[in-house]
């Protein structure tokens, strides 16, 4: 397969192909494949910068395709190697949601610029909570207890514009799926219209580390767009037979259902409770992202049906007039 591609390219870049074939036949490029090339920038010790496709990286040399020729650069001349693939930050599409892939860590300030618009406020006739958009079609994750036994829901989106923050209120909200045991709910904004919704991605299947920095965005006590920072106190705290992520991220009524982010801007958990009492501080908990993904993967099994008494909603008959 490689020889066919190389011979085809020879009609356009004969000198370049001659070098490629020479290197291949000499054994230098024994591990090279056409699909493995990555765009890189090489900062040399003398100050020059070379940009091209990385063919091979060894402890003693780099081999770079710069488009019109192939360069071999000794590693002792390389000051810095930077990968520049446009798709370096990407995600895996899982249907209802996406899983982040190759995202780099950045400051909380930078992360907020990227994902604050994905965090929403959920209001019912008796209370409020938070949530986050997982799909641009309007799918939202929150806690079950935020909407427990309520069907009249509104969702508020906070969109940043040139003149400030614009509140967009959606009133046509459909309950898609519920899991009272895991305290998770999936909602759908039916009146998205022309509004463009920005979704966040879940973290890939990698271990949440004790002590790592995390943060949340939510509406504690109705104070919209509140950011709280902390660390993971314990990644797998068992409470009443369920595992939670314990953190020092401040959690108050209204934070429930909001996302717990890592420094890559990925959702690692869904905030759902705290232990509160006199003299007790910093005991806050989130549902692990893996459990939220399991709920979404099996949303059909948790589908909400107003006629199903096991859905967690109770409806009383109207009193008869006598």
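Here the spin labels are modelled as points 7 Å beyond Cα on the Cα-Cβ line, and at residue 162 and residue 93 they lie 3.3 nm apart. Between the stretch 209-239 and the stretch 257-303, the alpha-carbon centres lie 9 Å apart. Over the C-alpha atoms of the stretch 81-156, the Rg to Rh ratio, Rh being the Kirkwood estimate, stands at 1.10.
Stokes-Einstein, applied to the Kirkwood radius of the stretch 137-252 over Cα pairs at a viscosity of 1.306 mPa s and 10 °C, places its translational diffusion at 96 µm² s⁻¹. Exposure proxy ranking for 60, 150, based on other Cβ atoms within 10 angstrom of each Cβ and starting from the fewest, stands as 60, 150. Given q = 0.23 Å⁻¹, what are the Debye log10 I(q)/I(0) values for the stretch 198-301, with equal point scatterers placed on the Cα positions and solvent ignored? Log10 of I(q)/I(0), two decimals: -1.32.
What is the extension gain from residue 290 to residue 174, computed as 0.36 nm multiplied by their sequence separation minus the C-alpha to C-alpha distance, in nm to one decimal?
39.4 nm
Neighbour counts of C-beta atoms inside 10 Å place 174, 123 in the sequence 174, 123, starting with the fewest.
Residues of the stretch 126-148 with the amide nitrogen closer than 11 Å to a label point 7 Å from the Cα of residue 192, along Cα-to-Cβ, please. In the stretch 126-148, the label zone of residue 192 (backbone N under 11 Å from the point 7 Å along Cα→Cβ) covers 134-140.
Each residue, residue 114 and residue 236, gets one label point 7 Å from its Cα in the Cβ direction; the gap between the two is 2.8 nm. In terms of other Cβ atoms within 10 Å, 187, 221, 62, 243 run from fewest to most in the order 221, 243, 62, 187.
Of interest is the spacing of the C-alpha centroids, which for the stretch 144-168 and the stretch 91-143 amounts to 12 Å.
Just so you know, all these numbers are worked out from the coordinates, no wet-lab data involved. Every value quoted in this text rests on a predicted model; they were computed, and no experiment measured them. Heads up, the Cβs are rebuilt from the backbone with ideal geometry, glycines too, and the neighbour counts pull from every protein chain shown.
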